[in-house]
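All of the numbers you see were taken from the coordinates with simple rules; none came from a lab. Worth saying up front: this structure is predicted, and the values here are computed from it rather than measured. Using ideal geometry, Cβ is built from the backbone for each residue, glycine included, and neighbour counts are taken over all protein chains shown.
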Amino acid sequence: MRTSESPATPTVVKTDAQWRNELSPAEYQVLRQAGTERPYTGEYWDSTQEGVYECRACGAELFTSKEKFSSHCGWPSFFAPLADGTVRYIHDNSMGMQRVEVRCSACESHLGHLFEGEGYDTPTDERFCINSVSLKLREGTQELSPEAP
């Protein structure tokens with residue numbers, strides 16, 4: 001099970017007041033308070049558009065449509081992040097389950113959860129179950145910005 005409990009040093013640091021000012025209430029609830037949007041309601045759960053998925057809070061590039069697959073769970077699902085180090089893994093024992101929380105490495109925003117070994121027909125046998133509200137799709141070819149890893 002992937003985890004990286006040691007604290008990362010986020011490159012985007014803002015006060016709670018700044019986050020509240022910049023994010024919508026729904027974005028703040030998911031990204032900064034580790035909430036979850038209802039399944040089948042998010043903008044990207046069934047999207048097939050090509051592009052790069054960025055963190056809605058800070059713009060960091062996290063996933064591409066090449067790694068997105070339809071898991072029929074109601075949230076966007078990916079079998080891998082864009083690159084090592086773009087997301088951070090945290091043990092999550094909430095809600096009576098043992099899960100792995102996925103956060104943006106750049107700003108520490110909550111993205112969703114990682115589920116492993118559930119028999120997904122993917123190259124990694126993993127499902128990154130990510131809230132649509134935590135993502136922003138930059139449509140088009142999947143070219144990364146020059147700053148991307």
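So, in nm, how far is label Thr9 from label Thr36 when the simple model puts each one 7 Å beyond its Cα toward the Cβ?
Spacing of the two 7 Å Cα→Cβ label points: 3.4 nm.
Taking a spot 7 Å from the Cα of Glu139 along the direction of its beta carbon, which residues of segment 63-89 have an amide N less than 15 Å from it?
Of the residues in segment 63-89, 65 have backbone N under 15 Å from the label point off Glu139.
Within a 10 angstrom radius of the beta carbon, how do Ile130, Ile90 rank from fewest other beta carbons to most?
The order, fewest Cβ neighbours first, is Ile90, Ile130.
Calculated FRET efficiency, Asp84 and Gln49, Cβ-Cβ r, R0 25 Å, to nearest 0.05?
0.50
Can you give the charge dipole size of the chain about its Cα centre, rounded to the nearest 20 debye, using +1 on the beta carbon of Lys and Arg and -1 on the beta carbon of Asp and Glu?
With only Lys, Arg, Asp and Glu charged at Cβ, the dipole is about 380 debye.
What ratio of Cα Rg to 2.2 N^0.38 Å holds for the chain? Mind dumping the intermediate values first?
On the way: Rg = 14.3 Å, N = 149, 2.2 N^0.38 = 14.7 Å.
Dividing the Cα Rg of the chain by 2.2 N^0.38 Å gives 0.97.
Hey, what did the chain get for relative contact order, percent, Cα under 8 Å, at least 6 apart? Intermediate values should be presented prior to the final figure.
Numbers: 302 pairs, mean separation 43.6, N = 149.
In percent, rounded to a whole number, it is 29.
Once you sort the root eigenvalues of the Cα gyration tensor of segment 45-108 as a ≥ b ≥ c, which label holds: rounded (a/c under 1.5), prolate (a/b larger than b/c) or oblate (the other case)?
oblate
Which cross-chain or sequence-distant (5 or more) residues have an amide H under 5 Å from the amide H of Thr122, H modelled 1.01 Å from N in plane?
Counting only residues 5 or more places away or on other chains, the set is empty.
Say a site is exposed when it is one of the GluC sites (Glu not before Pro), sits in a DSSP loop, and has at most 16 other Cβ atoms within 10 Å; what is then the longest site-free stretch of the chain?
It works out to 51-117.
In whole angstrom, note down how far apart the Cα centers of segment 92-120 and segment 33-73 are.
Centre-to-centre (Cα) distance: 14 Å.
Quick one: order Asp16, Asp125 by neighbouring beta-carbon count within 10 Å, fewest to most. Don't jump to the answer; show the numbers that get you there.
Numbers: Asp16 9, Asp125 13.
In order of increasing Cβ crowding within 10 Å: Asp16, Asp125.
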